[in-house]
Amino acid sequence: MSASGPRRAAGRTVFGLVTALAVVMLSSPAVADPDSSQYVKYYTVTGTYQGSPENLSELAQRFLGTANRSGDIYNLNVGRSQGDGGKLAKANDSLHQGWEMVLPWDAVGAGVQYGLLPAGGPPPAAAPGPGSSPPANGQPVPKSGPGSGAKPPPGNPGALPTAPPPKPVNLGGHCAAAASSTSPSNWAALRLAPNQAWSRTRGKGQLVAIVDSGADGSLPQLAGHIAIGADVVSGSGRGNTDCLGSGTGMAGIVVAQAAGGSTMSGVAPDATVLPVRVVTTTPTATPANEAAAIQVAVSAGAGVIALGSYVNVNDPAVAKAIAAAVGRDIVVVLAAGTSGSTNPALAGAKAATLRVGGVGVDGSLAAAYQVGTVNVVAPGMNVSTLGITGTGTVPANGTQFSVAFVAAEVALVRAALPGLSAVQVVHRVEVTADRMSSGAVPDSHYGFGMINPAESVTRALPEERQSISPPTERFGTSVVAAGDRITAVIIVTIVGIVSAVLLFFRVRRLIRPVADDVVADPRPTPPPPPAAPVPAPAPVTQPVMQPVMQPAIQPTQQPVMQPTVQSTLQPTMQPNMQPAGVPMAPAGVPHPPEAGAF
């Protein structure tokens, strides 16, 4: 073959690659102006709030939980043209009435809206309804509502996807743009130190259901740990996508991996998150969808269910679904109440639920929780987690993130101690928490205190030694850990070996006497009983006559074979030593002289 052949083949390969690259570049949609095409969270300035002028610090305190995050709002709005032609130039500038202030993805509160900014597109609204054209990026718009007619695809929502899910779209699509923090904080990881529990368990085999906005399964930090999930709103059947970001933030706290340039790790990094969406593009959920989402988590086999901020736990339908989950030995983690009374159905499931309060680095509460409603607390202010659409590590505020921390600890406990019931798991999380006050426990504001992942899986509790229930079957899947199965096999094997050895010796004892009858007994045979004595015959002097030396003709004076005279027997008792023709004399009587002796 000439050298020109390989050169031509290489040339064709290069030409093909260049052509494919050109096609990709020509077919890629142009990136639109973020201000006009992003779906974002925003707030319309009213001028005053509670009698005081609105400013960035006040907005950050109201919607993000801390005034220290005013810089995040500033970075999202600096230099952007407002409807009146004005622009935000400095962090301390006054905010004009009617300005649209873009907020970070985790902002919550009255007045927070979601959609396209009015200044750059149509007014914010719900996702387009059925029959609308798909957006320019080719991503279909999900239908809204459970009655849309869409059915989830067949399969197990708790299974891991075989292919990466599509990334949420934030340009020309319908997903919020997440804001990165200018000052990320790692105080939550330092305070909880979950890595100290990983020598015992990392949560492997545990399915943690998160009922919220879904989870961005396309992120490299979550790859392999986000199940397909379910979308009870649109009926698309997939929960591993997220437009609002709060569900992704909760999932990152539970199972984030140190990948993609991020050093953040979840509390239970080997667990799997089951994302169940109750909201898609509109941050409101219906009680029917909330209850259905809990039922999906139960059916999928979750061992712990974490309820996000979109779930109203006091609704009768939701409370009933929670009680049903508790009845299936599932731990339900939810935010502590801030208002209203507890539904009676939920009060009955209290023993297997954990009500969580959020705290900041200084121990201040994240919300005004009702007195006596908090079981434990966890970080919930300025905590680092994952944002959607590849924004990396972002700060987060809200009790739903505290719920995620507690749910992750529950996953560690259930992985380390699979024989514990849901009630026992809740008890262990409570009693191993670090106290937050010097008074009685539980405290009226902090409950049992700050959770402690390491203590929850390593401390020995005497009350569990007699009360740990055996592992049960849940939803057709055994919850017995592989280590317990191996231990059971070893115990059964040892018992079988011991039983076989005992059976062998038992059979041997039954057979040995028969064998002993065949083998001669080495012990001496006892002498036969003596015969009855008979009178001795008259002495015979003829030498030709032989005396009968049988014991039967021994004289009555001779105590034949008596043990007491055995040592005095004369040699005449020996037949081979008695002279012929001489009768045996009684013992102690001298023999008569022989004939002819003088």
Inset, instruction - State whether one or more residues within region 339-348 are at pLDDT 95 or above, over 20 Å from residue 60 (Cα atoms) and within 27 Å of the chain's Cα centre (by Cα). - result: no
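So which of 233, 273, 254 is part of a strand (DSSP E or B) and aliphatic (A, V, I, L, M)? Walk me through how you get there before you give the answer.
Values: 233 fails: part of a strand (DSSP E or B); 254 fails: part of a strand (DSSP E or B).
Checking each option against the conditions leaves just 273.
I need a count of the residues in region 212-221 that are within 20 Å of residue 310 (Cβ to Cβ) and part of a loop (DSSP other than H, G, I, E, B). Spell out the reasoning first.
Step one: filter region 212-221 for residues within 20 Å of residue 310 (Cβ to Cβ), giving 212-217.
Okay, now just the ones that are also part of a loop (DSSP other than H, G, I, E, B), so 213, 215-217.
Adding up the residues that qualify gives 4.
Kindly establish whether residue 203 is within 21 Å of residue 298 (Cα to Cα) and assigned to a loop (DSSP other than H, G, I, E, B). Before the answer, list the steps.
Numbers: within 21 Å of residue 298 (Cα to Cα): yes; assigned to a loop (DSSP other than H, G, I, E, B): yes.
In short, yes.
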Legend entry - When residues of region 61-84 are limited to those that are open to solvent by 60 Å² or more (accessible area, probe 1.4 Å) and either at positive phi or without any contact (Cβ under 8 Å) to a residue 24 or more places away in the chain (or both), the one farthest from the chain's Cα centre (by Cα): 84
Inset, instruction - Look at residue 349 and say whether it is among the hydrophobic types (A, V, I, L, M, F, W, C), open to solvent by less than 40 Å² (accessible area, probe 1.4 Å) and within 25 Å of residue 198 (Cα to Cα). - result: no
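Among the residues that make up region 189-206, is at least one of them among the β-branched types (Val, Ile, Thr) and in contact with an Asp or Glu (Cβ under 7 Å, 6 or more places away or on another chain)? Don't jump to the end; show me each part of the working.
Start the filter on region 189-206 by keeping residues that are among the β-branched types (Val, Ile, Thr), which leaves 201.
The next check asks that each one be in contact with an Asp or Glu (Cβ under 7 Å, 6 or more places away or on another chain); those that pass are none.
The answer is no; no qualifying residue exists.
Kindly check whether there is at least one residue in region 334-343 that is free of Cβ contacts under 8 Å to residues at least 24 places away in the same chain, more than 19 Å from residue 192 (Cβ to Cβ), open to solvent by 10 Å² or more (accessible area, probe 1.4 Å) and not acidic (Asp, Glu).
Checked against the condition, which is being free of Cβ contacts under 8 Å to residues at least 24 places away in the same chain, more than 19 Å from residue 192 (Cβ to Cβ), open to solvent by 10 Å² or more (accessible area, probe 1.4 Å) and not acidic (Asp, Glu), region 334-343 yields no hits at all.
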Inset, instruction - Check whether at least one residue in region 35-51 is assigned to a helix (DSSP H, G or I), at pLDDT below 80 and surrounded by 14 or more Cβ atoms within 10 Å (Cβ to Cβ), and report yes or no. - result: yes
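When you check residue 98 against the structure, is it over 39 Å from the mean Cα position of the chain (by Cα), at pLDDT 85 or above, among the small types (Gly, Ala, Ser) and open to solvent by less than 60 Å² (accessible area, probe 1.4 Å), yes or no?
Numbers: over 39 Å from the mean Cα position of the chain (by Cα): yes; at pLDDT 85 or above: yes; among the small types (Gly, Ala, Ser): yes; open to solvent by less than 60 Å² (accessible area, probe 1.4 Å): yes.
Against the criterion (over 39 Å from the mean Cα position of the chain (by Cα), at pLDDT 85 or above, among the small types (Gly, Ala, Ser) and open to solvent by less than 60 Å² (accessible area, probe 1.4 Å)), residue 98 qualifies.
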Inset, instruction - Could you list all residues from region 307-331 that are open to solvent by 20 Å² or more (accessible area, probe 1.4 Å) and either among the hydroxyl-bearing types (Ser, Thr, Tyr) or not in a loop (DSSP other than H, G, I, E, B) (or both)? - result: 309, 310, 316, 317, 320, 323, 324, 326, 327
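Do you know which of the residues in region 256-306 that are of a type in the set (Ser, Thr, Tyr) and over 20 Å from residue 316 (Cβ atoms) is surrounded by the most Cβ atoms within 10 Å (Cβ to Cβ)? Working first, answer last.
First, the residues of region 256-306 that are of a type in the set (Ser, Thr, Tyr): 262-263, 265, 272, 280-282, 284, 286, 299.
Among the residues that remain, those that are also over 20 Å from residue 316 (Cβ atoms) are: 262-263, 265, 272, 280-282, 299.
Working: 262: 17, 263: 11, 265: 20, 272: 23, 280: 25, 281: 23, 282: 17, 299: 14.
Only one residue fits best here, namely 280.
The values are calculated or read from the model by the stated rules, or taken from the named source; none is laboratory data. Just so it is clear, the structure is predicted and the values come from calculations on it, not from any experiment. Don't worry about glycine lacking a Cβ; one is built from the backbone with ideal geometry, like all the others, and counts go over all protein chains shown. In case anyone asks, the SASA skips ligands and DNA or RNA and just uses the protein heavy atoms, side chains included. Shrake-Rupley method; radii C 1.70, N 1.55, O 1.52, S 1.80 Å.
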